[in-house]
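Note sheet for the following structure.
The values are calculated or read from the model by the stated rules, or taken from the named source; none is laboratory data. As the structure is a computational prediction, the values presented were derived from the model and not from experiment. Ideal geometry is used to build each Cβ from the backbone, glycine not excepted, and the neighbour counts take in all protein chains shown.
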Amino acid sequence: MYSALYAGYAAAALVLWIATGLRPALWPIAAPTGSAPIPLWRSLVIVAAVLALGQLYQAGLMIPEHTSWRDGARLANQILIFLPVFVVVGVSIHEGDEAARTRAFIPRSRIAERLVIGCTAAAIATVVYLTVRPDAAGISLIPARFFSWPNAAHAAQILGEDFGLGLILASALRHLSPRTAVIVAACLFAAGHIPAMVTQGAPLAEFPSLVADAGLAAGMMALVLRLRDLWPIWPVHVAMDLMQFYGGR
């Protein structure tokens, strides 16, 4: 399955790289200079708060999900888990485009256009994924599987993860070279899955997959660093995650 994921992400990266040439005004090469990223220690505290809230969720201490409002409760819980990240990014966006781009790679201008390009990259990545995966589902089945209300919680979770990665990457760049900052952010992303895996009793055989996850995250973060923009990455991340659940027969 990871070969299909890597192929899908590579296809999306190619689409976005082409888009930088077609729409250079969206992704200027020069980094913003008017604001400073959040200190690394503060970004780590924010992410630690998210992980702590995630453990409360795993323990069943958030909004109950065994009611008729299960899907809405799941969405609300994901928003609550990532609320520290959403608040910090929201404040940065309110302060202006320069602050949002510098602190979390979240431009506040022309968001719809950025998302449309990201959705195009996600669609192509999905086709490539289905082409590479041996037990792939028929492509005609994917839209109905993707665009369903229960997946809203997953999309919110991925948005929170991406915003958190943006904060970590931007903060790490204050102290590290770009390459090292990308590796650190990717490793932290993979390590962030460990508490949930331990709580769920995942077998030891599953833990080496975190290395592959870190590799995917490193590629994604390198692309974010080039674009200085997380918006087009989010649809790709959502699509590729959902393909792991819905991409097979």
Could you check how many residues of the range 135-192 are in contact (Cβ under 8 Å) with a residue 40 or more places away in the chain and of a type in the set (Ser, Thr, Tyr)? 1
Exclusive hit being free of Cβ contacts under 8 Å to residues at least 40 places away in the same chain and either on the phi > 0 side of the Ramachandran plot or touching a helix residue (DSSP H, G or I) at 6+ places or on another chain (Cβ under 9 Å) (or both), set VAL91, VAL128, VAL85: VAL91
Given (1) aliphatic (A, V, I, L, M); (2) surrounded by fewer than 18 Cβ atoms within 10 Å (Cβ to Cβ); (3) modelled with pLDDT of 95 or more, ILE81 misses just (2)
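Among the residues of the range 4-15, is any closer than 28 Å to VAL128 by Cα and β-branched (Val, Ile, Thr)? First the steps, then the outcome.
Taking the range 4-15 and keeping what is closer than 28 Å to VAL128 by Cα, we get 4-15.
Among the residues that remain, those that are also β-branched (Val, Ile, Thr) are: 15.
Within the range 4-15, one or more residues are closer than 28 Å to VAL128 by Cα and β-branched (Val, Ile, Thr).
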So which residues in the range 40-57 are among the β-branched types (Val, Ile, Thr) and either exposed (fewer than 15 other Cβ atoms within 10 Å of the Cβ) or over 19 Å from the mean Cα position of the chain (by Cα) (or both)? VAL45
Which residue out of ALA222, ALA205, ALA218, ALA239 is over 26 Å from GLU113 (Cβ atoms) and at pLDDT 90 or above? ALA218
All-but-one check, ILE111 against (1) without any contact (Cβ under 8 Å) to a residue 12 or more places away in the chain; (2) exposed (fewer than 15 other Cβ atoms within 10 Å of the Cβ); (3) within 17 Å of the chain's Cα centre (by Cα), failing number (1)
Residues being surrounded by 15 or more Cβ atoms within 10 Å (Cβ to Cβ) and touching a Lys or Arg at 6+ places or on another chain (Cβ under 8 Å) - total across the range 115-151: 3
Looking at (1) out of contact with any Leu (no Cβ under 8 Å at 6 or more places or on another chain); (2) part of a helix (DSSP H, G or I), find the lone condition where ARG114 falls short. (1)
